[in-house]
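My questions will all concern the structure given below.
Values in this text are rule-based calculations from the coordinates and carry no lab data. Owing to the predicted nature of the structure, the values given are computational and were not obtained by experimental measurement. Positions of Cβ are backbone-derived with ideal geometry, glycine not excepted, and every protein chain shown enters the neighbour counts.
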Amino acid sequence: MDTQWDRRLEYAALLLAFVVVPIAAVVILRVTAIPRFDPSRITNWAVVGGVLLAVAAIALPAVLLSGWQSARQSTSGEPPRERRRS
């Protein structure tokens, strides 16, 4: 049951990040917008490229760290430890 709760918490945090980050970006751009900045000059490819770079910036370290962790656990010969709840 704890793993189900942890998974729900992870999904909630992910959803929160996908909702809060764009809203915060829009608010910041509205408040600090340069008067001569024309958003219509941003191409679709620039948006796609920016999203891909953001995903890669998050996914690449996560993949590397999880690979290192699994390699470390397999060489140690110990079973993975469960997180303790306080």
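Would you work out which of ILE28, THR3, PRO39 lies farthest towards the positive end of the dipole of the range 1-41? Charges go on Cβ: Lys and Arg +1, Asp and Glu -1.
PRO39
Follow-up question, since we're still on this one. Taking the simple approach of a point 7 Å from Cα along Cα-to-Cβ for both ALA13 and ASN44, what is their distance in nm?
3.5 nm
Per residue of the range 71-76, what does 6.51 cos²θ - 1.76 cosθ + 1.60 with θ = phi - 60° give for ³J(HN,Hα)? Whole Hz please, x for Gly and Pro, Karplus curve as stated.
5, 5, 5, 6, 7, 6
Output wanted: per-residue J couplings in Hz (rounded whole) for the range 3-15, from phi through Karplus 6.51 cos²θ - 1.76 cosθ + 1.60, θ = phi - 60°, x for Gly and Pro.
Karplus values, whole Hz, x for Gly and Pro: 5, 5, 5, 4, 5, 5, 5, 5, 5, 5, 5, 5, 4.
In addition: If R₀ is 25 angstrom, what is the calculated FRET efficiency for the pair ALA25 and VAL63, using the beta carbon separation as r and rounding to 0.05?
Rounded to the nearest 0.05, the efficiency is 0.50.
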